[in-house]
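Just below is one structure, and these are the notes that go with it.
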Amino acid sequence: DLLRTAGELAERGQTERVDEDHVREAQEKIELDRVVEVVRTLPTQSKVVLFAVILLERNGAQNINTGEVYNIYRRLCDEIDADVLTQRRVTDLISELDMLGIVNAVVVSKGRYGRTKEMNLSVPVEETEAVLTSDSRLGDIEDAQPFVQARFDS
């Protein structure tokens, strides 16, 4: 699959040989196609959780924690009239997204304040958001960013 895609890219570029750049570009294209397919087949609740992470990241948040994702997730569920899951279940969905390689989540201890997961998106924001908004239920929340509030990092 990789060599075929690299060959097609070389052919499009009217090159007689497939070089390293073609292979790298083909690898990126295949990886992006895989991510798009994985995101497209996610259940609606997982898509809403992922959309919450995207909204936070698009607004400059880094090391996003579970509580922040859950707050945005609840508002998004209200917007699309979906059932709101418990924070524990949303944490499980975040773990699933982590296993799929869509987010990178790490459990961090906050001392006496307990533990939380901190996460960042590990896939391209624009392409992932495009796949999510192509879902019939999520298409309405495309411009939902006004309710993402700034946070105070200490």
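Each reported figure results from applying straightforward, stated rules to the coordinates on display, with no laboratory input. Computed from a predicted structure; not experimentally measured. Don't worry about glycine lacking a Cβ; one is built from the backbone with ideal geometry, like all the others, and counts go over all protein chains shown.
General remarks:
- Sum of side-chain charges, residue 74 neighbourhood, beta-carbon under 13 Å (Lys, Arg +1; Asp, Glu -1): -3
- Here is how the number arises for the chain: DSSP H runs of 4 or more residues each give -39500 (n - 2.57), the sum is divided by the residue count, and the result at 222 nm is -17500 deg cm²/dmol.
- What separates the Cα centres of region 30-67 and region 89-120 is a distance of 13 Å.
- Given +1 at the Cβ of Lys and Arg, -1 at the Cβ of Asp and Glu and no other charges, the dipole of the chain around its Cα centre is 960 debye to the nearest 20.
- Using alpha-carbon coordinates, inclination of helix 87-99 to the longest axis of the chain, degrees: 20 degrees
- Here the chain is treated as a Stokes sphere of Kirkwood radius computed over C-alpha pairs; at 20 °C and 1.002 mPa s its diffusion coefficient rounds to 126 µm²/s.
- Mean separation of Cα contacts under 8 Å, 6 or more apart, over the residue count of the chain: relative contact order %: 23 percent
- Dipole of region 44-147 [Lys/Arg +1, Asp/Glu -1 at C-beta], most positive-end residue of 141, 54, 106: 106
- Rounded to 10°, Cα long-axis angle of helix 20-40 versus longest principal axis of the chain: 40 degrees
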